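These notes are about the structure you will find just below.
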Amino acid sequence: RLWADVGLVPQRGYLFSGTVADNLRYGKADATEEDMWDALRVACADDFVGNHPEGLMMRVAQGGMNFSGGQRQRLAIARAVIRRPTIYLFDDSFSALDVHTDARVRERVRAASAGATVV
């Protein structure tokens with residue numbers, strides 16, 4: 001039960017082979033398309049996903065090797081945010097982000113996690 005309340009994002013956010021949507025559903029199995037886009041916006045990942053012709057159906061290679069380190073981290077953040085847990089654990093999860101993206105993601109996570117515990 002405890003893990004159901006925790007959104008964990010490790011430094012090396014792992015992505016599974018499949019699609020962006022598949023990876024987000026690991027965070028919330030019954031996620032709607034709207035839930036996915038909301039989570040991607042919080043993580044500032046909506047830009048590169050939205051600009052890709054396949055959008056949410058964009059392919060993800062095993063481990064997310066077809067994405068940059070910053071993109072992998074943002075997708076992992078979106079996967080944690082999508083179910084709006086009561087506890088967020090970020091383990092150096094912003095290390096691959098440039099300073100501007102880091103600031104935007106932190107601001108959006110702060111707004112999305114109002115009332116939750118963030119570590």
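Counting only residues that are in a helix (DSSP H, G or I) and in contact with a Phe, Trp or Tyr (Cβ under 8 Å, 6 or more places away or on another chain), which one in segment 57-71 is surrounded by the fewest Cβ atoms within 10 Å (Cβ to Cβ)? Spell out how you get there, then give the answer.
Pass one, segment 57-71, residues in a helix (DSSP H, G or I): 57, 62-64, 69-71.
With in contact with a Phe, Trp or Tyr (Cβ under 8 Å, 6 or more places away or on another chain) added as a condition, the list becomes 62-64, 71.
Details: Q62: 11, G63: 13, G64: 22, Q71: 21.
Result: Q62.
Test each condition in (1) out of contact with any strand residue (DSSP E or B) (no Cβ under 7 Å at 6 or more places or on another chain); (2) in contact (Cβ under 8 Å) with a residue 24 or more places away in the chain; (3) of a type in the set (A, V, I, L, M, F, W, C); (4) over 23 Å from A114 (Cβ atoms) for L24 and report the one that comes out false.
Unmet for L24, out of (1) out of contact with any strand residue (DSSP E or B) (no Cβ under 7 Å at 6 or more places or on another chain); (2) in contact (Cβ under 8 Å) with a residue 24 or more places away in the chain; (3) of a type in the set (A, V, I, L, M, F, W, C); (4) over 23 Å from A114 (Cβ atoms): (4).
Pick out the one residue from S95, S113 that is modelled with pLDDT under 95, among the polar types (S, T, N, Q) and either more than 17 Å from D35 (Cα to Cα) or surrounded by fewer than 18 Cβ atoms within 10 Å (Cβ to Cβ) (or both).
Answer to the selection: S95.
Which one of A78, A31 is within 12 Å of the chain's Cα centre (by Cα), crowded, with 16+ Cβ neighbours inside 10 Å and closer than 19 Å to A112 by Cα?
Values: A31 fails: within 12 Å of the chain's Cα centre (by Cα).
Within the list A78, A31, the selection yields A78.
If a residue has to be closer than 20 Å to N23 by Cβ and assigned to a strand (DSSP E or B) to count, how many in segment 73-119 make the cut?
3
Quick one: which residue in R59, R74 is free of Cβ contacts under 8 Å to residues at least 40 places away in the same chain and of a type in the set (K, R)?
Exactly one residue qualifies, and that residue is R74.
Would you tally the residues in segment 1-50 being of a type in the set (V, I, T), in a strand (DSSP E or B) and closer than 19 Å to V109 by Cα?
2
The values are calculated or read from the model by the stated rules, or taken from the named source; none is laboratory data. On a predicted model such as this, the values are computed, not experimentally measured, just so you know. Cβ: placed from backbone, ideal geometry, glycine included. Neighbour counts: every protein chain shown.
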